Each structure stands twice: as C-alpha cells, then as structure tokens.
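I have placed the structure first, in the form of structure tokens, so that the comments after it can refer back to it.
The values are calculated or read from the model by the stated rules, or taken from the named source; none is laboratory data. Owing to the predicted nature of the structure, the values given are computational and were not obtained by experimental measurement. Backbone-built Cβ (ideal geometry, glycine too); neighbour counts: all protein chains shown.
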C-alpha cells in the first residue's frame with residue numbers, strides 16, 4: 001500500500017478563472033497579487049558580457065513557451081543571424097533548460113525601457129494575467145495571458161494608455177491536455193461534487209471529495225495547486241475551460257491523511273460560467289473532468305487521483 005506520495009506542482013488554480021480553497025489549507029494567492037519571473041535569472045553573466053562586447057547591437061534574450069526572444073538594436077538580417085548564433089552557442093545548456101525549441105525565434109527591435117512605467121501601470125487593467133515581468137532582459141514589459149482569445153482586449157488596454165505594442169511581449173501558450181493517468185496507487189476513491197444546474201454568469205461551486213476505502217491509514221503529500229479541471233460543451237465537444245499552460249504557483253507542500261473509511265474535501269473552487277474571453281456561454285449540457293496531481297515533476301509518469309466526469313446543465317439567466 002502506498003504510504004507516501006510526493007507530488008509537487010507549479011500551476012495556480014486562478015489561471016483557470018477559478019477561485020480556490022482546500023480543507024484546512026490556505027488558498028493560493030490570486031494571480032493579480034502575485035508577480036513572479038517565470039524563469040531563473042541568467043547563471044552565466046560572463047557569457048552575456050562577452051556577447052555585449054562582441055555585438056554592441058545585442059540587448060538581451062528570454063525564453064517563453066519554447067520561443068527564444070532576442071532584443072537587438074539592428075534590422076540588418078546578417079547582424080541578427082550572427083547574434084542569434086552567438087547566443088545559441090554561448091547559452092546552449094541554459095537555453096535547453098529554459099525549453100527553447102529549434103526554429104522558434106522572435107526578434108524584437110530596440111529597447112523600450114522608456115515605456116516600462118506606463119506599461120506596468122496599464123497592466124493593472126488587463127484581465128486574464130498569469131505572470132508579469134518588468135525586469136526582463138528584453139527591456140520591455142513581458143506578461144502572460146490564460147488564453148489567446150484574451151489578446152485583443154489586452155492590446156486595446158495598452159493602446160488606450162499610449163503604450164506602443166512593441167513595448168510589451170504578450171505570451172500565450174496552448175493549454176495542456178488534462179492527464180488521463182496513471183491512477184494513484186492507493187485505496188482512495190475520488191468524486192466530484194457540484195450542482196446539477198447553474199445559470200449563465202453565475203459561479204459553479206466544485207469540490208473534490210476523497211474517501212479512504214482501505215483498512216489502513218493513507219497519507220501523502222501534495223502541492224497547493226494540484227486540482228486541474230477541464231469543462232467541455234457536449235453539443236459541440238468544445239473545451240470552454242482548458243487546463244492552462246502558464247506556470248505560476250506558490251511552492252508549498254501539504255500533508256493529507258485519511259483514516260480507514262474517512263472522507264474529506266481535498267480541494268474546492270468555483271468557476272464563473274463564461275468563456276475564456278468573458279463572453280456568455282450558451283445554455284445546454286456541459287461536462288466537467290478533473291484530476292488531482294502534479295502536471296510537472298521529476299520522473300515520469302506522475303500519479304493522479306482520477307474522479308469520474310460529471311455532467312451539469314447551464315440555464316439561461
């Protein structure tokens with residue numbers, strides 16, 4: 001019998017448009033109050049110094065969602081190619097750690113540091129943020145959105161504030177697929193609990209109830225943001241609430257313990273019934289699928305609690 005399973009994650013529930021809580025656990029902070037850099041600072045400052053000395057046009061690089069972003073003070077394609085090759089050679093191992101994918105490169109022209117203050121102020125009005133980085137080596141504001149459909153509204157906010165769009169980098173990454181296994185090797189029965197109906201624009205409360213079906217105590221560790229959900233409209237098979245890809249979460253572990261026959265609410269949250277770009281969802285039948293476990297971790301595959309999907313109906317206001 002499994003006595004201890006270590007599960008650590010870095011995905012915050014708020015990224016799914018959810019508010020969250022867990023029994024006897026502090027809820028993760030809202031993304032609006034959490035500002036993190038999604039990658040480590042450069043561990044090779046000497047390499048950067050050499051690059052700047054050799055190529056005065058070079059400003060800096062970052063990697064987001066597998067894409068290498070290069071800020072340069074040159075529109076000359078030959079100079080840009082030289083800088084790209086130098087960065088790839090000098091930071092080969094670091095780029096691999098950051099997840100840079102071959103062929104995914106985006107050049108940014110010049111520095112936009114003069115717009116940082118006004119851009120960061122305008123960012124406060126942008127909905128759907130997952131992270132922001134004002135101290136980027138790209139010398140412009142970088143931030144993430146939960147879904148690509150939210151980009152138009154975000155760009156409109158910056159235009160209204162007088163911020164040129166090349167002074168910001170908006171990162172959107174395709175959502176993760178909800179894991180389908182493997183199941184956690186322990187006598188635990190997981191069940192989703194939610195109302196059978198909910199009206200458009202209201203909040204749907206969701207709980208994950210776990211029961212120990214064995215004859216011995218089951219204990220394991222889990223992260224603060226291990227509850228992942230996906231909601232699909234059954235009429236069209238469209239996923240209206242995907243599992244987001246942007247990783248922002250407090251790194252805290254919790255201990256869960258279940259006596260034989262004991263049931264607990266392991267996680268809970270609520271979802272506002274609307275699309276990812278805040279539009280009204282059509283009435284009809286929907287299905288909630290969920291897992292509990294780490295989307296990322298050392299070793300593969302990661303184990304999950306896999307409750308059965310639950311259908312519910314969205315009613316008109």
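Restricting the search to segment 135-172, which residues are over 20 Å from residue 274 (Cβ atoms), free of Cβ contacts under 8 Å to residues at least 40 places away in the same chain and outside any strand (DSSP E or B)?
155, 158, 159, 160, 165
Within segment 255-317, which strands (runs of 3 or more DSSP E) (wholly inside it) include 1 or more residues that are at pLDDT 90 or above, at positive phi and assigned by TED's automatic domain parsing to the domain that holds residue 239? Full working, then the answer.
Numbers: elements: 263-272, 284-292, 310-315.
It comes to 284-292.
When you look at residue 137, is it more than 17 Å from residue 72 (Cβ to Cβ), modelled with pLDDT under 95 and surrounded by 15 or more Cβ atoms within 10 Å (Cβ to Cβ), yes or no? So that I can check it myself, show each step before the final result.
Values: more than 17 Å from residue 72 (Cβ to Cβ): no; modelled with pLDDT under 95: yes; surrounded by 15 or more Cβ atoms within 10 Å (Cβ to Cβ): yes.
Against the criterion (more than 17 Å from residue 72 (Cβ to Cβ), modelled with pLDDT under 95 and surrounded by 15 or more Cβ atoms within 10 Å (Cβ to Cβ)), residue 137 does not qualify.
Checking residue 201 against (1) assigned to a loop (DSSP other than H, G, I, E, B); (2) without any contact (Cβ under 8 Å) to a residue 60 or more places away in the chain; (3) assigned by TED's automatic domain parsing to the domain that holds residue 280, only one condition comes out false. Which one?
Evaluating residue 201 over (1) assigned to a loop (DSSP other than H, G, I, E, B); (2) without any contact (Cβ under 8 Å) to a residue 60 or more places away in the chain; (3) assigned by TED's automatic domain parsing to the domain that holds residue 280 leaves (2) as the failure.
State all residues of segment 233-254 that are modelled with pLDDT under 90, assigned to a loop (DSSP other than H, G, I, E, B) and surrounded by 12 or more Cβ atoms within 10 Å (Cβ to Cβ); if no residue qualifies, say none.
Selection gives 242, 244, 245, 246, 247, 248, 249, 250, 252.
Looking at the structure I just gave you, is residue 93 in a strand (DSSP E or B) and either closer than 14 Å to residue 64 by Cα or at pLDDT below 95 (or both)?
In short, no.
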